[in-house]
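S.K.: The structure is given below, and queries will be raised subsequently.
What follows draws every value from the coordinates through simple rules; no lab data is involved. None of these values were measured; they are calculated from a predicted model. Please note: Cβ atoms are built from the backbone with ideal geometry, for glycine as well, and neighbour counts cover all protein chains shown.
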Protein chains: 2
Amino acid sequence: MNKKQLQSEQTRKRVADAARQLFVQKGYKATSIEDITDATGSSKGNIYYHFKSKEGLFIYLLDEWDRDWIAKWQEKEHHYTSAAEKMYGFAEQMVREDLNHPLTKAVDEFFVGDDKTSDIEERLAEMVANHISFNRSLIQQGIDSGEFKPGDAEGLAYVLEALVIGLSQVSRRASLQQALDTYRLAIDVFLHGIAT
Amino acid sequence: MNKKQLQSEQTRKRVADAARQLFVQKGYKATSIEDITDATGSSKGNIYYHFKSKEGLFIYLLDEWDRDWIAKWQEKEHHYTSAAEKMYGFAEQMVREDLNHPLTKAVDEFFVGDDKTSDIEERLAEMVANHISFNRSLIQQGIDSGEFKPGDAEGLAYVLEALVIGLSQVSRRASLQQALDTYRLAIDVFLHGIAT
DNA sequence: TAAGATACTGAACGAATGTTCAGGATTCAG
DNA sequence: CTGAATCCTGAACATTCGTTCAGTATCTTA
């Protein structure tokens, strides 16, 4: 790899990291390009050299997040034997990774904006569908194995999604330990709620 | 009441209604004063005649919301006999009133802004504490009556809060029927999760 | 009915924001 | 070593937004 390519990749990463942190912290609209330049030392122009636009940068982060999250999950998934264990593992990864679900405030806020390009809207819809589908599969496994009551797996997938999104918001200003406790308690309740 | 006073009150209400709808729909930052003038026909200046600022308008709406919500709740509360019934009633009012919890996206977004006045921040913290306290009391009643397992009522109050906040976000683009179904299912799970 | 109070208008302003662009610096290929 | 490619800068631009204010219309009061 070139020195040029290396440096380019490094700045790209530096910008992405700072932007991610800011978006999570302040939300999409409230984070300005200048906030990002302040945090990275890069110039405005440089950000637009590496990313198409603010929207593009945001979508890039979402994509990256999703990929990372799934990769990490797949490493762990084998080690869990029951659906209940998987559920706890799921919650723990949620907390430990970033104390924030990708579908959090920033995304929701981004969603309601009116001037999105249609391809970006498609991408977002796809992501939501993927998350629901992931949840449904997790729940369906438990139903099939007899751990959970047979029932509306799709509906429960939405409930789980709601729970996780809500937890990330409620826990945003909590300590790691508090967050872990709350998540664990929430999963406890959810599991008892759907257990046979 | 004067014709002047009447008209003044009417416009005030007209502005508040439009603003509430827009804040819920688009979020705090994304809703401009001009959006509100477009929706009401009033001029910008007129909004600043009736409200101190955009922040002031928002806080006014929150206050109003909380008062209305509690008033409506207290009308109904007598008719419920068990804590479980109360819980379902709670969820239903949540959906029917506005399909949105007062502590929703807009508030959370408002929260992370950096330029709030300190008295407004106090007011917000107070509101959050009130909601948690409301939830805890609801749960404690169920524990006392033997409907729910004895346990961490405070922790469960946060879980319930998270669930409700998440539900409002997930249901934002759903039909009324879908929303009611999802909320009901969520409360089902939550109740089974903490039942004796 | 006259004077004052109240309700409202809309142009103007300053601050902030996303984006562009002409050009400078650094590195690569031949 | 030289020209081209790549990486980066920062001033400039066009918009948008919250807020103000001088002035007008409408109503109240005496």
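S.K.: Mind checking the mean number of beta-carbon atoms from other chains within 10 Å of the Cβ atoms in A:177-184?
M.R.: 2
S.K.: At A:Tyr80 and B:Asp35, where each label point lies 7 Å from the Cα along Cα→Cβ, what is the point-to-point distance in nanometres?
M.R.: It is 3.7 nm.
S.K.: Another question, if that's okay. Once R0 is set to 22 Å, what does the formula 1/(1 + (r/R0)^6) return for the Cβ-Cβ distance between B:Thr196 and B:Asp152, expressed as a FRET efficiency to the nearest 0.05?
M.R.: Calculated value: 0.90.
S.K.: Roughly how big is the stretch A:1-44's charge dipole about its Cα centre, with Cβ charges of +1 (Lys, Arg) and -1 (Asp, Glu), in debye to the nearest 20?
M.R.: 180 debye
S.K.: A:Ile132 versus B:Glu64, label points 7 Å from Cα toward the beta carbon: distance in nm?
M.R.: Each label point is offset 7 Å from its Cα along the Cβ direction, giving 3.3 nm.
S.K.: Could you size up the charge dipole of the protein assembly as shown around its Cα centre, putting +1 on the beta carbon of Lys and Arg and -1 on that of Asp and Glu, and report it in debye to the nearest 20?
M.R.: Charge dipole of the protein assembly as shown: 960 debye, to the nearest 20.
S.K.: Oh, and also: Cα centroids of the stretch A:1-36 and the stretch B:150-185: how far apart, whole angstrom?
M.R.: 34 Å
S.K.: Can you tell me how much longer the chain between B:Lys44 and B:Glu122 gets when fully stretched, taken as 0.36 nm per residue apart minus their C-alpha distance, in nm with one decimal?
M.R.: This chain segment gains 25.2 nm when fully extended.
S.K.: Starting from a label point 7 Å past Cα on the Cβ side, list the distances from A:Tyr80 to the same position in the other copies, nm, shortest first.
M.R.: Label-point distances to the other copies, shortest first: 3.2 nm.
S.K.: What is the helix-to-structure angle for A:118-144, meaning the angle in degrees between its Cα long axis and the longest Cα principal axis of chain A, kept from 0 to 90 and rounded to the nearest 10?
M.R.: The helix A:118-144 is inclined about 20 degrees to chain A.
S.K.: While we're on this one: Among B:164-174, A:77-87, A:12-22, how do they line up by average Cβ neighbours within 10 Å per residue, starting with the highest?
M.R.: The packing order, highest mean first, is B:164-174, A:12-22, A:77-87.
S.K.: Another question, if that's okay. Provide a whole-number value for the mean count of partner chain Cβ atoms within 10 Å of the Cβ atoms in peptide A:168-174.
M.R.: That average works out to 5.
S.K.: Pull up all non-local amide H partners of B:Ala195: gap of 5 or more, or a different chain, and H-to-H distance under 5 Å with H placed in the peptide plane.
M.R.: Here B:Lys149 satisfy the definition.
S.K.: Let's test the formula: R0 of 51 Å, r as the Cβ-Cβ distance of A:Ser175 and B:Ala174. What FRET efficiency results, to the nearest 0.05?
M.R.: 0.90
S.K.: Run lengths n ≥ 4 of DSSP H only: what is the helix-derived mean residue ellipticity at 222 nm for the protein assembly as shown, with -39500 (n - 2.57) per run over all residues, to the nearest 500?
M.R.: Estimated from H runs of four or more residues: -26000 deg cm²/dmol.
S.K.: Hey, another quick one. With the label 7 angstrom out along Cα to Cβ, how close does B:Ala39 come to the same site in each of the other copies, in nm, nearest first?
M.R.: Reported distances to equivalent positions: 3.0 nm.
S.K.: Under a Cβ-only charge scheme (Lys and Arg +1, Asp and Glu -1), can you give me the dipole magnitude of chain B about the Cα centre, in debye to the nearest 20?
M.R.: Dipole magnitude for chain B comes out near 780 debye.
S.K.: Let me ask something additional. I'd like to know which of B:Gly89, B:Ile187, B:Asn2 lies farthest towards the positive end of the charge dipole of the protein assembly as shown, counting +1 on Cβ of Lys and Arg and -1 on Cβ of Asp and Glu.
M.R.: B:Asn2
S.K.: Label position 7 Å from Cα toward Cβ: report the copy-to-copy distances for A:Gln7 in nm, one decimal, ordered from shortest.
M.R.: Nearest first, the other copies' label points are 6.8 nm away.
S.K.: Taking 18 Å as the cut-off for C-alpha to C-alpha distance, list the pairs among B:Lys13/B:Lys44; B:Lys13/B:Lys52; A:Lys26/A:Lys54; A:Lys26/B:Lys26; B:Lys4/B:Lys72; B:Lys4/B:Lys54 that go past it.
M.R.: B:Lys4/B:Lys72; B:Lys4/B:Lys54
S.K.: In terms of Cα to Cα distance under 24 Å, which lysines are near enough to B:Lys76, apart from those fewer than 8 places away along the same chain?
M.R.: Filter leaves B:Lys86.
S.K.: Next question. What is the distance, in nm, between label points placed 7 Å from the Cα along the Cα-to-Cβ direction at A:Ser53 and at B:Arg184?
M.R.: Using points 7 Å along Cα→Cβ, the separation is 4.2 nm.
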